[in-house]
Amino acid sequence: MSWGADLAALVRLTATGRLHPQIDHHLPWSRVGDALTMLAERRLRGKAVFHLGD
């Protein structure tokens with residue numbers, strides 16, 4: 001199963017201003033466990049964005 005078409009549609013909607021994702025946290029990939037804890041404790045509102053590298 002490919003998610004490419006779905007992801008492209010989400011990018012297109014965001015780029016045209018029709019979709020407004022709520023981003024709650026920007027975290028390095030090394031802190032994915034922290035985000036999972038926040039999610040389990042219902043402290044994560046919106047999305048968590050993970051950064052690879054510096």
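The values are calculated or read from the model by the stated rules, or taken from the named source; none is laboratory data. Please read these numbers as outputs of a predicted model, since none were measured by experiment. Glycine gets a Cβ as well: all are built from the backbone with ideal geometry, and neighbour counts include every protein chain shown. The area values use the complete protein model at the heavy-atom level, side chains included, leaving out ligands, DNA and RNA. Shrake-Rupley method; radii C 1.70, N 1.55, O 1.52, S 1.80 Å.
Being in a strand (DSSP E or B) and either among the small types (Gly, Ala, Ser) or surrounded by 12 or more Cβ atoms within 10 Å (Cβ to Cβ) (or both) is the filter here; which residues of the stretch 23-54 pass it?
Asp24, His25, Leu27, Pro28, Lys47, Ala48, Val49, Phe50, listed by residue number.
Search the stretch 35-53 for residues that are on the phi > 0 side of the Ramachandran plot and pair each with any residue that is surrounded by 12 or more Cβ atoms within 10 Å (Cβ to Cβ) when their beta-carbon atoms are under 9 Å apart and the residues are at least 6 apart or on different chains.
Gly46/Asp24; Gly46/His25; Gly53/Pro28
Would you mention how many residues in the stretch 7-22 are loosely packed, with under 10 Cβ neighbours inside 10 Å and at negative phi?
Matching residues across the stretch 7-22 total 5.
Only residues in the stretch 1-26 that are within 20 Å of Arg45 (Cα to Cα) count as the first member; pair them with residues that are open to solvent by less than 70 Å² (accessible area, probe 1.4 Å) and in a loop (DSSP other than H, G, I, E, B), Cβ under 6 angstrom, at least 6 apart or cross-chain, and list the lot.
Going by the 6 Å Cβ cut-off, the qualifying pairs are Gln22/Gly46; Ile23/Gly46; Asp24/Leu44; Asp24/Gly46.
Restricting to the stretch 1-18, name every residue that is in contact with a Leu (Cβ under 8 Å, 6 or more places away or on another chain) and at pLDDT 95 or above.
Residue satisfying the conditions is Leu13 alone.
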